[in-house]
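What follows is a short report on a single structure.
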């Protein structure tokens, strides 16, 4: 079992028991999430109130956009694995994201103004592709800081997840308030400045990553710029796809089957039995996460609209803008993540920690319970007491903490080193599928809004009641079969990669010398 030292032997390079590079990634991701969730808090309102899309149209657009955000990490992860390396991919993604968020500030005259809408679609496309180069790869760099058997890994990913949600909290709070109070451009502009700060943090403090995330082989300037050109071309493709949401659904179906087949073929044909079984376990977790995200992501769409229209938002005499409630989930995570991280470590050292599959089952049960609690609270009158919005977010947050950081860690632990970004990309692809389905569910909740406010509210509650019970039932099923999935993980035979290579790095690291690149794995 690994000690408190870094994989490369530099125990002086730690902060709070973790490599300092973890905190560089923490702050870079924090600002990126500030921009993303700040924009996300406003997006459904921007679509319905500024561009005047119907609830159904807005839900499908929202779902297609968020789905594409999670699809593109497959491309970004592949290019990073084979050519660019994770660090350069993250930097390029941050540049695209900064540009996209600032473009969101150009709102035009509203309505269905074609020229202004084209700028809006282009802004979304830059954000989609930028996320593709950044999301999977920055998570992979976190994993590269630790051996595969290091007991600190789940804790590290939970700390990293705290950075994500600290940014999400601040972004939703500030951008949401500015956008709804002073104007859309103010909210989206604040998101752009947040992304710029994330880019600066990552570039300035690059030395603390100690060579992690570099290209697997020397890359010529022509080849590197050619890869960036592919990224720009992908912006054009996404600009078209986000306007044609049905194409996104078709693509998800075809690409999902192809990706699953490729991963399973690779596992069966090219991997030794234990690594093959670990890939099977990872695929089970990936497929299970689709349902979770399909329901969880109602937060930014149908639940956001429900909060705006059917909730008494008066707190201490002040009516809180609906978008600000998007910060509640992130605030809970910032408060609860250290407790979960400490609990997993404490239980792990005593052999009592639930397995990753068991945590997934618990996550789905809590997710379903959140919807059922809201449905029960809505029966109290015309306007739902705001307390029940805090309760649904609390249960969804505890469920998220049982699934998302644990899933990130499991993907990196279960995947062989040469498949790390591909499996992480597959994890995000499952999130893409879940987000697209979330858009369809959100569209269903708004399908009868024209019948009146009361009828519209009841449609939402009926959908929430149904999906709540489905989530609870599936969660119980996952919990029952979790011991079988745990066996496929073969945790007792899990070994660290490149121990010899890390030992070779120990001496120059101790002398303060940073290698130019990480050895190929």
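The values are calculated or read from the model by the stated rules, or taken from the named source; none is laboratory data. Remember, predicted model here, so these are calculated numbers, not experimental data. Neighbour counts are summed over all protein chains in view; Cβ atoms, including those assigned to glycine, are modelled from backbone coordinates with ideal geometry.
Checking residue 175 against (1) surrounded by fewer than 21 Cβ atoms within 10 Å (Cβ to Cβ); (2) modelled with pLDDT of 90 or more: exactly one of these is not met. Which one?
All conditions are met except number (1).
If I ask for residues that are in contact (Cβ under 8 Å) with a residue 60 or more places away in the chain and in a helix (DSSP H, G or I), which ones from the stretch 238-259 would you list?
If the condition is that a residue be in contact (Cβ under 8 Å) with a residue 60 or more places away in the chain and in a helix (DSSP H, G or I), then 238, 239, 241, 245, 248, 249, 251, 252, 255, 256, 259 are the ones that fit.
When residues of the stretch 167-192 are filtered for being in a helix (DSSP H, G or I) and free of Cβ contacts under 8 Å to residues at least 60 places away in the same chain, how many remain? Outline the logic, then answer.
Just the residues of the stretch 167-192 that are in a helix (DSSP H, G or I), to begin with: 167-181, 184-192.
With the extra rule that they be free of Cβ contacts under 8 Å to residues at least 60 places away in the same chain, the set shrinks to 178, 186.
Looking only at that region, the number is 2.
Looking at 71, 44, can you tell me which residue is touching a residue at least 24 places away in the same chain (Cβ under 8 Å), closer than 14 Å to residue 130 by Cβ and crowded, with 24+ Cβ neighbours inside 10 Å?
Working: 44 fails: closer than 14 Å to residue 130 by Cβ.
Only one candidate qualifies: 71.
Any residue at all in the stretch 254-267 that's over 30 Å from residue 34 (Cβ atoms), in contact with a helix residue (DSSP H, G or I) (Cβ under 9 Å, 6 or more places away or on another chain) and exposed (fewer than 14 other Cβ atoms within 10 Å of the Cβ)?
Yes, some residue in the stretch 254-267 is over 30 Å from residue 34 (Cβ atoms), in contact with a helix residue (DSSP H, G or I) (Cβ under 9 Å, 6 or more places away or on another chain) and exposed (fewer than 14 other Cβ atoms within 10 Å of the Cβ).
Hey, among 159, 164, which residue is in a helix (DSSP H, G or I), in contact with a strand residue (DSSP E or B) (Cβ under 8 Å, 6 or more places away or on another chain) and either on the phi > 0 side of the Ramachandran plot or surrounded by 19 or more Cβ atoms within 10 Å (Cβ to Cβ) (or both)? Before the answer, list the steps.
Numbers: 164 fails: in contact with a strand residue (DSSP E or B) (Cβ under 8 Å, 6 or more places away or on another chain).
Within the list 159, 164, the selection yields 159.
Table: residues versus (1) in a loop (DSSP other than H, G, I, E, B); (2) modelled with pLDDT of 90 or more; (3) closer than 25 Å to residue 288 by Cβ.
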{"site": "431", "(1), (2), (3)": "no, no, yes"}
{"site": "444", "(1), (2), (3)": "no, no, yes"}
{"site": "457", "(1), (2), (3)": "no, no, no"}
{"site": "480", "(1), (2), (3)": "no, yes, yes"}
{"site": "496", "(1), (2), (3)": "yes, no, no"}
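Taking the condition under 30 Å from residue 223 (Cβ atoms), surrounded by fewer than 24 Cβ atoms within 10 Å (Cβ to Cβ) and either touching a residue at least 24 places away in the same chain (Cβ under 8 Å) or out of contact with any helix residue (DSSP H, G or I) (no Cβ under 8 Å at 6 or more places or on another chain) (or both), does residue 88 pass?
yes
All but one of (1) surrounded by fewer than 16 Cβ atoms within 10 Å (Cβ to Cβ); (2) at pLDDT 95 or above hold for residue 235; state the number of the condition that does not hold.
Result: residue 235 passes all but (1).
Can you tell me which of (1) within 24 Å of residue 401 (Cα to Cα); (2) at pLDDT 80 or above is the one residue 191 doesn't meet?
Here residue 191 meets the rest and fails (1).
Out of all the residues in the stretch 196-207, is one or more out of contact with any helix residue (DSSP H, G or I) (no Cβ under 7 Å at 6 or more places or on another chain), outside any helix (DSSP H, G or I) and more than 17 Å from residue 100 (Cα to Cα)?
Checking the stretch 196-207: not a single residue is out of contact with any helix residue (DSSP H, G or I) (no Cβ under 7 Å at 6 or more places or on another chain), outside any helix (DSSP H, G or I) and more than 17 Å from residue 100 (Cα to Cα).
Can you tell me which residue within the stretch 208-227, out of those that are assigned to a helix (DSSP H, G or I) and either modelled with pLDDT under 90 or more than 27 Å from the chain's Cα centre (by Cα) (or both), is nearest to residue 87 (Cα to Cα)?
209
Wholly within the stretch 260-379, which helices (runs of 4 or more DSSP H) include no fewer than the required count, namely at least 2 residues that are over 20 Å from residue 426 (Cβ atoms), modelled with pLDDT of 90 or more and touching a strand residue (DSSP E or B) at 6+ places or on another chain (Cβ under 9 Å)?
Per the criteria, 302-310, 356-378.
Can you go through 118, 137 and tell me which one is buried (at least 23 other Cβ atoms within 10 Å of the Cβ) and out of contact with any strand residue (DSSP E or B) (no Cβ under 9 Å at 6 or more places or on another chain)? Before the answer, list the steps.
Numbers: 118 fails: buried (at least 23 other Cβ atoms within 10 Å of the Cβ).
Selected residue: 137, the only one of 118, 137 that is buried (at least 23 other Cβ atoms within 10 Å of the Cβ) and out of contact with any strand residue (DSSP E or B) (no Cβ under 9 Å at 6 or more places or on another chain).
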